[in-house]
1. From the list Glu289, Glu187, exactly one residue is touching a His at 6+ places or on another chain (Cβ under 9 Å) and open to solvent by 10 Å² or more (accessible area, probe 1.4 Å). Which is it?
2. Of all residues in segment 511-530, which are within 33 Å of the chain's Cα centre (by Cα) and either assigned to a loop (DSSP other than H, G, I, E, B) or at pLDDT below 90 (or both)?
3. Check segment 255-273 and report whether any residue there is within 30 Å of Pro137 (Cβ to Cβ), in a strand (DSSP E or B) and either open to solvent by 30 Å² or more (accessible area, probe 1.4 Å) or charged (D, E, K, R) (or both).
4. May I ask you to say which residue of Val170, Val119 is open to solvent by less than 70 Å² (accessible area, probe 1.4 Å) and over 30 Å from the mean Cα position of the chain (by Cα)?
5. Among the residues that make up segment 150-166, is at least one of them closer than 30 Å to Ser38 by Cα, assigned to a helix (DSSP H, G or I) and open to solvent by 50 Å² or more (accessible area, probe 1.4 Å)?
6. Here is a list of conditions, (1) under 31 Å from the mean Cα position of the chain (by Cα); (2) modelled with pLDDT of 90 or more, and Ser139 meets all of them except one; can you say which number that is?
7. Please go through (1) without any contact (Cβ under 8 Å) to a residue 60 or more places away in the chain; (2) open to solvent by 40 Å² or more (accessible area, probe 1.4 Å); (3) within 22 Å of Thr382 (Cα to Cα) for Asp436 and return the number of the only condition it doesn't satisfy.
Amino acid sequence: MFLLRSLKKNYLNSKCTQLIRNFKNASVEDVPSVSTSSIRKILKSSNLNFEEGHTCFTTQCPICKLNTKPSLSTLYVNKTTGVFMCPKCKYSGDWDFLESYIAKNGKKPPLIQWKDILVNSANIEKSVMAVQESTTPISAIKESFLHQLLKKLKLPVVNKTSLEPLGLRVDGVLNKIYFPLQNANGEIVGFKILGDDLITFPDIKCGGLLKGIQPRADNFAILVGNLSDFIILYTSNINATVVCLPNGSKSLPQYVLPTLEKYKKIILWLGCDTQAWDAARRFGKKLGEKRCYCVRPNSKISLPHLDASQDFNSILNNAQSLWHKSITTFATLRQDVLSDLQNIEQVEGIKWKRFPTLNKILKGHRSGELTVLTGPTGSGKTTFISEYSLDLALQGVSTLWGSFEIRNARLARTMMQQMVGMPLEKNLHLFETWADQFEQLPIYYMTFHGQQSIKVVMEAVEHAAYVHDINHVIIDNLQFMMGITEETKHMDRFWKQDAIVAAFRTFATRKNCHVTLVIHPRKERVDEELTTSSIFGGAKASQEADNVLLIQDKRLTGPRGRKYLQIAKNRYCGDLGVMALDFDKDSLSYAPKKKKKSDESTEGATIDDHSVTKS
């Protein structure tokens, strides 16, 4: 029996490790130090004529020169990550490869031949041709059949002639619509396929976007988040190029930035709630704020597909710029204040589904805030914060985990068990199903373990925020970034911690991203409760934090001692209080169990019943 349990445990650990390794782009590796200035310097030293655009450097593609009869082609190099893409030869890669290929630094450049380049381009062309051969253009089917399909897929029903310029296609049994995706050269490099699901074929890395181009609208684009909005705006004769983003308001992949590079003015219209506004501001920073405008959330401005009779031209003309100077006035902020008041529930943030008491006190999880969590050693800080973040990730909050104490495989195992609510080792036959579900969550892991410098960690965090549009960063725990270099050995450790807290505070504000820091407390007497002064280091952590959460563990101080979470600081609304932490070992969960109706009528007040106090 012992041998069987041991084999099951080893199998589960190996599966969890494999799960982490198989996450494509779901872990943040050590990010090479790439900056706009270093890319510019390499391009200059390589005697390449280049121009600096909104998001990319553009130059003549050196890969295409391998062709015996090269023609002019443009290479796009991302200014932040260095990822390059040529829409003509369809070749792309990381900055390290391009640098070694073009830099004259005495190193032997990587071998690459034109016939090898053509393989990738040919595969994309074959994929596009295969779709075109197996589908029918909408011009060849009856308008009544098209209307039935649009209704079936819950799309706006519009005239067939207005959709024909898009080049839409349908399958033989009229179950799917194929929307062609164009790259920066206007070539079709894939399709967005809407049927039972919405998928991108063959790959988002091809850089294709769904564009509805109107005459004389080459420099003006409107970005929307779904196909319904796209169809309504495109068929409303708006004098602009309408673009449907590949992932809605969840993320803006860097691979599509070259396709948007040519537009001098971009209006982001992603929705009428505050989450869409937060996404618009994040995307605006990535696209270049000076050319970006946004339709702000407003009760009078519905999503386009809810009211096609709206005066779109008037709404778009009143779109407000995302860029402003350092000093502003109330006149500039007036619409923001009105928007907050009109959307008060959305402004409060995303609500936890597992922790209703947190919703009562903190009101919700908001972007741009800094949360500090502390508690005694062994009190369950990591277990609680993993479930706390899992709850949000299940609702689509893109999350980056930096776990320096425990391995990522063990963390993923804990989160999976919290997700399914039962022991994994006793249900191995369901592992693959659960793993497939867990893999779909927007959770990314930093691959650091043990002591790390703040510089290296912040490079990874900045990279993830740009590439994956991270909206929640968890650092567990801050003491592992106190420094390991010779320079920091002689620095005051309190000063180092204050510098780390300041760096994350600045990042949270600048990137509009929520940061949760786990910090060990000072060594206190067991019988004394923790306070905000118990956080290790100076006072900066508690001063900079918007929320301070304290795990109070009184199980060892008396026969009836309990463990609970104390909200000791709440900058948003000032409400303070406590939440009981009753641990369920099978599910590794602190979420309160749902009460039966008979129990609710007879049960007395608990620690949660009067958990909120006004500050």
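The values are calculated or read from the model by the stated rules, or taken from the named source; none is laboratory data. Worth saying up front: this structure is predicted, and the values here are computed from it rather than measured. Don't worry about glycine lacking a Cβ; one is built from the backbone with ideal geometry, like all the others, and counts go over all protein chains shown. Heavy atoms of the whole protein, side chains included, go into the accessibility calculation; ligands, DNA and RNA do not. Shrake-Rupley method; radii C 1.70, N 1.55, O 1.52, S 1.80 Å.
1. Glu289
2. Scanning segment 511-530 gives Asn512, Cys513, Ile519, His520, Pro521.
3. So far as segment 255-273 goes, no, none of its residues is within 30 Å of Pro137 (Cβ to Cβ), in a strand (DSSP E or B) and either open to solvent by 30 Å² or more (accessible area, probe 1.4 Å) or charged (D, E, K, R) (or both).
4. Result: Val170 is the single residue among Val170, Val119 that is open to solvent by less than 70 Å² (accessible area, probe 1.4 Å) and over 30 Å from the mean Cα position of the chain (by Cα).
5. No - not one qualifying residue is present in segment 150-166.
6. Going through the list (1) under 31 Å from the mean Cα position of the chain (by Cα); (2) modelled with pLDDT of 90 or more, Ser139 breaks only (1).
7. (3)
Residue by residue, here is whether (1) surrounded by fewer than 19 Cβ atoms within 10 Å (Cβ to Cβ); (2) modelled with pLDDT under 90; (3) among the aromatic types (Phe, Trp, Tyr); (4) under 28 Å from His468 (Cα atoms) holds:
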residue	(1), (2), (3), (4)
Ser45	yes, yes, no, no
Thr68	yes, yes, no, no
Val77	no, no, no, yes
Pro87	no, no, no, yes
Asp96	yes, yes, no, yes
Ser100	yes, yes, no, yes
